[in-house]
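So the structure is just underneath, and the comments pick up after that.
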Amino acid sequence: MSVKDKILSNFKNGKLRGRTEKEICRALGIPRGEERNLRKILRGLCDEGLLCRDDRQCYGTPEQMGAVTGTVSAHRNGFAFLIPDDRQKYPSDFFIPRRGMNGALHGDKVSALPRRTARSDDEVEVIRILQRGYTEIVGTFCRDERCCFLRPDEEKFTKDIFIPRGKTMGAAVGAKAVAKITSYPKDRMPGGEIVEILGESGDFFTEELALIRAHGLREEFPEEVLRAAAQAPQTVPADALKGRLDLRDKLIVTVDGEDTRDIDDAISVERKGENFVLGVHIADVSHYVPFKGILDKEAYKRATSVYFPDRVLPMLPRELSNGICSLNEGVDRLTLSCIMEINGEGKVVKSKIARSVIRSAHRMTYHQVEDIARGMPEATAAFPDTVGLIRDAFELTDILKAMRRKKGEIELAVKEAKIVFDESGKIVIPDYERLRSQEMIEQFMVLANETVAEFMTAKKAPFVYRIHEKPKAEKAEELKQFLISIGVPAPFDPAAVKPDDYRSILKNAEGMPVFSVINRVMLRSMMKARYDSVNAGHFGLSSACYCHFTSPIRRYPDLCIHRIIKLILKGEEEEAKRKYGAFVSEASVQSSECERKAVEAERDVDDLYKTVYMSERIGEDYDGVISGVTSHGFFVELANTVEGFVPYASLPTDEYEYFEERFLLRGKRHSFRIGDEVRVRVAGVDFGNREVDFHFLEKLKEIDEKTVHGKAVCGIM
């Protein structure tokens, strides 16, 4: 055994744990004059990440010294925060001073050691970079008298990328480009090469594409994937119908948005005495996408379709997603059907899951269904055979909503922007609208997802669940303090919060100006829903088990569980465990991560569209609600979901004081708090940060704390 291995072994068995160099010398019997060799070995082991040294100059393995692994979230001023991997053990982030970065950059996975200081007990120093966060990065191509470089768009990535002159792809100065990072030299700029030129900086579509690339998303598919998709049949083969439940004579329709092309769910609704029979029929994508095949590997890699106002990045090539897998009108399509008999209380009294074949009678839109429900002559004349179905479907929707309210489901009313990029190239952002027909489809899909999850849980088969854990106590406590600060009673225990607690708060806040803000703050207090192979229930839905079954064209978890369901239906439980037992865990992690990236990309692109939209309305006046308060001013949300900032300088002259815990900016003559209704004027936009600036005009309505308090108490009583 070498001296190095011997020393490391003595650390691992605990003999040298927490000792200084001198103490290690004595423990190992190293004679005077050879301390330098020991120091060299110890420093080498630290460089390899096998040992580390604390601020007392004591050595140990990273585990022995309390090292924390996590991801670096940098600040443009040079310092950073460490977001720990283990949130159970470390619920809060750690601070990394500039001197403690040791070459780490934004997004890097690192190991860091706590450093106790007089000013802070949550400071850490990076001791090892475990994995670089970026392999490619988007930015603006620059050149000076010395070299070429890419300046990253991500301001948290504080280093420019050095580009050798032979690796520029001919990029012009000012071009938006993607660079592959090839090296991370110590104390120098990372090295790289240009791999894609996106266009001219400042061009709208270039900036949109840059945001998409920044999240690692691409629209094109590899050639071998496209070739595999092209081999899919155009019509359903006759032999594929064997053993399937034939539902082609049933009145089955699809209901989607006007611009939907990948239709993966259809519905049927019938009366059965006092009960309803609801059929939710989902495209059998797995029939055309074999497990571990070329198409499946690409679908797993993407894990989700990503939707932008002017484009879709599909999980599967369009030959499949818009073709043989899409439940298009008037053609045979293979499906998995969840057929549920539901009583007047919204309880599923009988259910059946089956491999099936359907033929959609109509491709309908939400607005068409809405018009039929209202008895509009043009709509009822266009779809006369659906009038009874829509009437029964809306009645069933009301029953299911009542059932879910009774269960304690949290009905968040968080506005989602509907951004339209029309054929003339104009951006349109209409005021937020929520249709009953959308609620209908949502209720039906949720019930099918729940029914399938319950069926598979009973079978004890490997599965991908959609879980939503209850809020952490500290987040629930923050929500409680916020509610109290605006006069809304919050009689719940943050350590044991229940869905019904949140539901009661929302119910009692309905009709208040602050209602939309409460929804948003409540959403922030909750955990993010994710995928997992272990069932942990769904807090928001107040559901014991839940899954995503209804969108296999655009979500990989749905595609994955379809395969497992079909094996279970054939009685092949052991084959399901053998084939998917370990895979469901991998798929859950991958799908959750890809979903997070997709949501962030969609949000960033939406913000870009909103910024451009408002840039054409500078000088126009709008009414809105204060959605956030800071020491520098406040945020205002408009009815179309656009949010902008009103700076302190725009407010009436006064001596303002900021009360953070009460979300209040108060002066001697004026005050502004979250939930107040105000009128603002669009003052300008910041394209770089995708932000809108407002100028304050007048207060329209403010929260009366006594009125709010009184109304809420009466509601609870």
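Restricting Glu450, Glu474, Glu442, Glu454 to residues that are in a helix (DSSP H, G or I) and not assigned by TED's automatic domain parsing to the domain that holds Phe394 narrows the list to Glu474.
A quick yes/no check of all residues on (1) within 18 Å of Arg355 (Cα to Cα); (2) not in a loop (DSSP other than H, G, I, E, B):
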position	(1), (2)
Ala228	no, yes
Gln234	no, no
Val255	no, yes
Glu258	no, no
Gly279	yes, yes
Leu320	no, yes
Leu327	yes, no
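Only one entry in Val387, Val369 is touching a Phe, Trp or Tyr at 6+ places or on another chain (Cβ under 9 Å), among the β-branched types (Val, Ile, Thr) and assigned by TED's automatic domain parsing to the domain that holds Arg261, namely Val369. Every residue in the stretch 251-278 that is β-branched (Val, Ile, Thr) and under 27 Å from the mean Cα position of the chain (by Cα), please. Matches in the stretch 251-278: Thr254, Val255, Thr260, Ile263. Scanning the stretch 183-216 for residues that are in contact with a Pro (Cβ under 8 Å, 6 or more places away or on another chain) and either assigned to a helix (DSSP H, G or I) or without any contact (Cβ under 8 Å) to a residue 40 or more places away in the chain (or both) returns Ser183, Gly191, Glu193. In this entry, Gly33 passes the filter for residues that are modelled with pLDDT under 85 and either of a type in the set (Val, Ile, Thr) or farther than 21 Å from Lys109 by Cβ (or both). None of Arg662, Arg617 is among the basic types (Lys, Arg) and surrounded by 15 or more Cβ atoms within 10 Å (Cβ to Cβ) except Arg662. The criterion of at least 3 residues that are in contact with a Leu (Cβ under 6 Å, 6 or more places away or on another chain), among the β-branched types (Val, Ile, Thr) and not assigned by TED's automatic domain parsing to the domain that holds Glu416 is met by none of the strands (runs of 3 or more DSSP E) falling completely within the stretch 621-666.
Going by the conditions given, is Gly44 modelled with pLDDT of 85 or more, on the phi > 0 side of the Ramachandran plot and among the small types (Gly, Ala, Ser)? Here the answer is no, as Gly44 does not meet what is asked.
Right, Glu677: touching a residue at least 40 places away in the same chain (Cβ under 8 Å) and in contact with a helix residue (DSSP H, G or I) (Cβ under 9 Å, 6 or more places away or on another chain) or not? No: the conditions fail for Glu677. Among the residues here, Ser533 qualifies as buried (at least 17 other Cβ atoms within 10 Å of the Cβ), small (Gly, Ala, Ser) and in contact with a strand residue (DSSP E or B) (Cβ under 9 Å, 6 or more places away or on another chain). Which pairs turn up if I take residues in the stretch 606-632 that are under 25 Å from Gly667 (Cα atoms) and look for partners that are of a type in the set (Lys, Arg) and surrounded by 14 or more Cβ atoms within 10 Å (Cβ to Cβ) with beta carbon separation below 7 Å, at least 6 apart in sequence or on another chain? That search, which allows pairs on different chains as well, returns Asp621/Arg679; Asp621/Arg681; Asp623/Arg679; Ile626/Arg673; Ser627/Arg520; Val629/Arg673. In this structure, does Lys176 turn out to be charged (D, E, K, R) and assigned to a strand (DSSP E or B)? Against the criterion (charged (D, E, K, R) and assigned to a strand (DSSP E or B)), Lys176 qualifies.
Within the stretch 396-427, restricting attention to residues that are surrounded by fewer than 14 Cβ atoms within 10 Å (Cβ to Cβ) and outside any loop (DSSP other than H, G, I, E, B), which residue is modelled with the lowest pLDDT? Checking each candidate, the answer is Lys406.
Checked against (1) under 30 Å from Asn322 (Cβ atoms); (2) part of a loop (DSSP other than H, G, I, E, B), Ile568 passes all but a single condition, namely (2). Give all pairs with beta carbons closer than 6 Å in which a residue from the stretch 408-426 that is free of Cβ contacts under 8 Å to residues at least 12 places away in the same chain meets a residue that is among the small types (Gly, Ala, Ser) and in a loop (DSSP other than H, G, I, E, B); count only pairs at least 6 apart in sequence or on separate chains. Once the first residue is free of Cβ contacts under 8 Å to residues at least 12 places away in the same chain and sits in the stretch 408-426, no partner that is among the small types (Gly, Ala, Ser) and in a loop (DSSP other than H, G, I, E, B) comes close enough.
Residue pairs whose Cβ atoms lie under 9 Å apart, separated by 6 or more positions or on different chains, with the first residue in the stretch 475-501 and free of Cβ contacts under 8 Å to residues at least 12 places away in the same chain and the second assigned to a loop (DSSP other than H, G, I, E, B) and of a type in the set (Phe, Trp, Tyr), are Asp501/Phe492.
Do we have Thr20 as touching a strand residue (DSSP E or B) at 6+ places or on another chain (Cβ under 9 Å), under 28 Å from Gln131 (Cα atoms) and among the hydroxyl-bearing types (Ser, Thr, Tyr) here? So Thr20 does not fit the description; no. Within the stretch 171-230, the set of residues being of a type in the set (Lys, Arg) and touching a helix residue (DSSP H, G or I) at 6+ places or on another chain (Cβ under 6 Å) comprises just one member, Lys176. If you filter the stretch 231-261 down to residues that are of a type in the set (Asp, Glu) and out of contact with any helix residue (DSSP H, G or I) (no Cβ under 9 Å at 6 or more places or on another chain), you find that the one that is modelled with the lowest pLDDT is Asp259. Checking each residue in the stretch 342-358 for being in contact with a Leu (Cβ under 8 Å, 6 or more places away or on another chain) and among the charged types (D, E, K, R) picks out only Arg355. Residue count for the stretch 521-530 satisfying the condition of being over 24 Å from Cys560 (Cα atoms) and crowded, with 17+ Cβ neighbours inside 10 Å: 4. Any idea which of (1) free of Cβ contacts under 8 Å to residues at least 12 places away in the same chain; (2) surrounded by 13 or more Cβ atoms within 10 Å (Cβ to Cβ) is the one Arg26 doesn't satisfy? The one condition Arg26 does not meet is (2).
Within the stretch 552-564, the set of residues being of a type outside the set (Ser, Thr, Tyr), assigned to a helix (DSSP H, G or I) and buried (at least 24 other Cβ atoms within 10 Å of the Cβ) comprises Pro557, Asp558, Leu559, Cys560, Ile561, Ile564. Of the residues making up the stretch 334-381, just one is surrounded by fewer than 18 Cβ atoms within 10 Å (Cβ to Cβ), among the acidic types (Asp, Glu), in contact with a helix residue (DSSP H, G or I) (Cβ under 9 Å, 6 or more places away or on another chain) and in contact (Cβ under 8 Å) with a residue 12 or more places away in the chain, namely Glu345.
One line per residue, one yes/no per condition, for (1) surrounded by fewer than 16 Cβ atoms within 10 Å (Cβ to Cβ); (2) of a type in the set (A, V, I, L, M, F, W, C); (3) assigned by TED's automatic domain parsing to the domain that holds Ala361:
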site: Glu208; (1), (2), (3): no, no, no
site: Arg227; (1), (2), (3): yes, no, yes
site: Ala230; (1), (2), (3): yes, yes, yes
site: Asp239; (1), (2), (3): yes, no, yes
site: Lys242; (1), (2), (3): yes, no, yes
site: Arg248; (1), (2), (3): yes, no, yes
site: Thr254; (1), (2), (3): no, no, yes
site: Arg271; (1), (2), (3): yes, no, yes
site: Val280; (1), (2), (3): no, yes, yes
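Set side by side, the residues Arg116, Arg151, Arg146 differ, and just one is free of Cβ contacts under 8 Å to residues at least 60 places away in the same chain and assigned to a loop (DSSP other than H, G, I, E, B), which is Arg146.
The values are calculated or read from the model by the stated rules, or taken from the named source; none is laboratory data. Just so you know, these numbers come straight off a predicted model, no measurement behind them. Please note: Cβ atoms are built from the backbone with ideal geometry, for glycine as well, and neighbour counts cover all protein chains shown.
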